[in-house]
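The values are calculated or read from the model by the stated rules, or taken from the named source; none is laboratory data. In this text the structure is predicted, and so the values were computed from the model without any measurement. In this analysis, Cβ positions are derived from the backbone assuming ideal geometry, glycine residues included, and neighbour counts consider all displayed protein chains.
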Amino acid sequence: MKTQLIEVRTGGHEGVFNLTAACEEFAREASGGGDGLLHVFVPHATAGLAVIENGAGSDTDLLAVLADVLPADDRWRHAHGSRGHGRSHVLPAFLAPYTVLPVVAGSVALGIWQSVVLVDLNIDNPDRHIRLSLLT
């Protein structure tokens, strides 16, 4: 298994952050042009991953749905940091902190409109790490 830790600077604001290019680069280099499985993991208790169409409004729509389902208010028992911080700890139950993708001939085999994204609602942590691991 080959693995690499990458850093994503979220800037301390809610967002959907595209990881596709980093995944592609790692898969190309780590696979040597071969096949395998790319495991993408965010080792944080307050972030998740998704495979969605990025841009074209889908990322904004996802944040809007999450705001409806997980509002940033005072209902959360886990209550430290910014208002509504507890919702960030519930997010991984909706968007898992990992995904596994096929790598074929050194390229991540995504559909034409699919992207790998980090979804982060935690405005208290402006820096994230993503572990990319390739199983061949």
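If you check Leu135 against the conditions, is it at pLDDT 95 or above and over 13 Å from the mean Cα position of the chain (by Cα)? It is true that Leu135 is at pLDDT 95 or above and over 13 Å from the mean Cα position of the chain (by Cα).
Pull up the stretch 122-136, narrow it to residues that are within 27 Å of His85 (Cα to Cα) and out of contact with any helix residue (DSSP H, G or I) (no Cβ under 8 Å at 6 or more places or on another chain), then point me to the one that is surrounded by the fewest Cβ atoms within 10 Å (Cβ to Cβ). Among them, the one singled out is Asp127.
Scanning the stretch 102-133 for residues that are of a type outside the set (A, V, I, L, M, F, W, C), outside any loop (DSSP other than H, G, I, E, B) and more than 12 Å from Thr46 (Cβ to Cβ) yields Pro102, Ser107, Ser115, Asp127, His129, Arg131, Ser133.
Does any residue of the stretch 54-70 turn out to be closer than 16 Å to Glu24 by Cα, buried (at least 18 other Cβ atoms within 10 Å of the Cβ) and either touching a residue at least 60 places away in the same chain (Cβ under 8 Å) or among the acidic types (Asp, Glu) (or both)? Yes. Within the stretch 84-136, the residues that satisfy the criterion of being among the small types (Gly, Ala, Ser) and closer than 30 Å to Gly32 by Cα are Ala96, Ala105, Gly106, Ser107, Ala109, Gly111, Ser115, Ser133. Residues of the stretch 7-22 include at least one that is in a loop (DSSP other than H, G, I, E, B), modelled with pLDDT of 95 or more, within 19 Å of Ser88 (Cβ to Cβ) and of a type in the set (A, V, I, L, M, F, W, C). The set of residues from the stretch 35-85 being at pLDDT below 90 and of a type in the set (S, T, N, Q) comprises just one member, Ser82. Kindly provide the set of residues from the stretch 59-85 that are part of a helix (DSSP H, G or I), aliphatic (A, V, I, L, M) and either over 19 Å from Ala45 (Cβ atoms) or over 15 Å from the mean Cα position of the chain (by Cα) (or both), ordered by number. The answer is Leu62, Leu63, Ala64, Val65, Ala67, Val69.
Does Ser88 satisfy the criteria of being surrounded by 19 or more Cβ atoms within 10 Å (Cβ to Cβ) and in a strand (DSSP E or B)? It is false that Ser88 is surrounded by 19 or more Cβ atoms within 10 Å (Cβ to Cβ) and in a strand (DSSP E or B). What number of residues within the stretch 91-121 satisfy the criterion of being over 15 Å from Leu49 (Cβ atoms), of a type outside the set (Val, Ile, Thr), exposed (fewer than 12 other Cβ atoms within 10 Å of the Cβ) and under 19 Å from the mean Cα position of the chain (by Cα)? Of the residues in that region, 2 qualify.
Among the aliphatic types (A, V, I, L, M), in contact with a Phe, Trp or Tyr (Cβ under 7 Å, 6 or more places away or on another chain) and buried (at least 16 other Cβ atoms within 10 Å of the Cβ): which single residue out of Val16, Val8 fits that description?
One residue alone meets the criteria, Val8.
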